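Student: Would you mind keeping the following structure in view while I ask a few things?
The values are calculated or read from the model by the stated rules, or taken from the named source; none is laboratory data. What you see is a predicted model; the values in this text were computed from it and never measured. So basically every Cβ, Gly included, is an ideal-geometry build from the backbone, and we count neighbours across all protein chains shown. Surface accessibility is based on the protein's heavy atoms, side chains included, excluding ligands, DNA and RNA. Shrake-Rupley method; radii C 1.70, N 1.55, O 1.52, S 1.80 Å.
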Amino acid sequence: MKNRILSIVSVFLPSIFIVITAIILGSHNTRNIKNNSENKSITQNTEKIEVLEKFFEKYNSPLKGHASTFVETADKYNIDYKLLPAISCMESTCGKRMIPNTYNPFGWGIYGDNYISFKSFDEAIKTVGDGLNKGYFSKGLNTVAKIAPVYTPPNSYNWRNGVTFFMNDMEKIEKEHKKEQEMEAIKKVVLNYL
């Protein structure tokens with residue numbers, strides 16, 4: 001009799017655990033749906049900033065501390081938040097190789113002996129975001145392939161491939177980050193109900 005009860009419990013216990021977990025996660029998801037769009041936007045921006053920080057850390061970049069400016073600028077001009085960081089990595093190895101004291105990781109306005117300097121990385125990010133908006137996006141140049149021939153005419157093919165490489169790298173980090181966040185959320189929910 002005792003063995004029979006144990007076998008019945010061992011069959012139903014995993015099912016009960018799955019049902020309880022589904023109920024818990026379902027109520028958690030319902031609460032998330034009720035959050036307003038402002039909170040969702042803040043959360044999304046926080047996640048984007050974290051992704052950029054991980055990306056810049058991977059490349060040992062001095063731009064890591066400016067991730068929030070990249071995200072704010074992308075939001076302001078409604079562009080992919082990965083574009084400006086990718087350009088900076090293509091143009092200056094993520095801000096590590098540039099004309100000293102220019103704070104210009106984008107190669108913006110650099111040709112021959114001419115160059116543009118900025119007071120800070122934040123100023124450069126905002127100025128180049130505005131410049132891309134006015135000089136590229138407003139003219140229909142809204143993809144890396146369309147931007148490349150104008151941004152870097154002598155080497156647009158390699159530039160396009162490099163920028164795309166870095167954007168894809170950020171996308172991989174973004175996917176890994178989302179998985180980590182989902183696992184953390186599941187752990188918190190399960191621990192709250194245990």
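Student: Does Asp169 qualify as being in contact with a helix residue (DSSP H, G or I) (Cβ under 8 Å, 6 or more places away or on another chain), under 19 Å from Phe55 (Cα atoms), open to solvent by 50 Å² or more (accessible area, probe 1.4 Å) and not polar (S, T, N, Q)?
Tutor: no
Student: Separate question: For the range 69-93, enumerate the residues that are in contact with a Pro (Cβ under 8 Å, 6 or more places away or on another chain) and free of Cβ contacts under 8 Å to residues at least 12 places away in the same chain.
Tutor: Those that are in contact with a Pro (Cβ under 8 Å, 6 or more places away or on another chain) and free of Cβ contacts under 8 Å to residues at least 12 places away in the same chain: none in the range 69-93.
Student: Somewhere in the range 179-187, is a residue of a type in the set (S, T, N, Q) and farther than 28 Å from Gly112 by Cα?
Tutor: Yes, the range 179-187 contains a residue that is of a type in the set (S, T, N, Q) and farther than 28 Å from Gly112 by Cα.
Student: Going by what's in this entry, would Gly95 be described as among the small types (Gly, Ala, Ser), surrounded by 13 or more Cβ atoms within 10 Å (Cβ to Cβ), under 26 Å from Glu53 (Cβ atoms) and at pLDDT below 95?
Tutor: no
Student: For the structure I just gave you, tell me whether Thr164 is under 24 Å from Phe55 (Cβ atoms) and without any contact (Cβ under 8 Å) to a residue 24 or more places away in the chain.
Tutor: Considered against the rule, which asks whether it is under 24 Å from Phe55 (Cβ atoms) and without any contact (Cβ under 8 Å) to a residue 24 or more places away in the chain, Thr164 comes out as no.
Student: While we're on this one: Name every residue in the range 173-190 that is surrounded by 14 or more Cβ atoms within 10 Å (Cβ to Cβ) and among the aliphatic types (A, V, I, L, M), in order of residue number.
Tutor: Residues satisfying the conditions are Ile173, Ala185, Ile186, Val189, Val190.
Student: If you don't mind, there's one more thing I want to ask. Could you grab me the full set of residues in the range 99-152 that are charged (D, E, K, R), farther than 17 Å from Asp80 by Cβ and open to solvent by less than 70 Å² (accessible area, probe 1.4 Å)?
Tutor: Matches in the range 99-152: Asp122, Glu123.
Student: Counting only residues that are closer than 15 Å to Ala124 by Cα and in a loop (DSSP other than H, G, I, E, B), which one in the range 55-80 is least open to solvent (accessible area, probe 1.4 Å)?
Tutor: Leu63
Student: Can Tyr157 be described as farther than 20 Å from Lys58 by Cβ and surrounded by 17 or more Cβ atoms within 10 Å (Cβ to Cβ)?
Tutor: no
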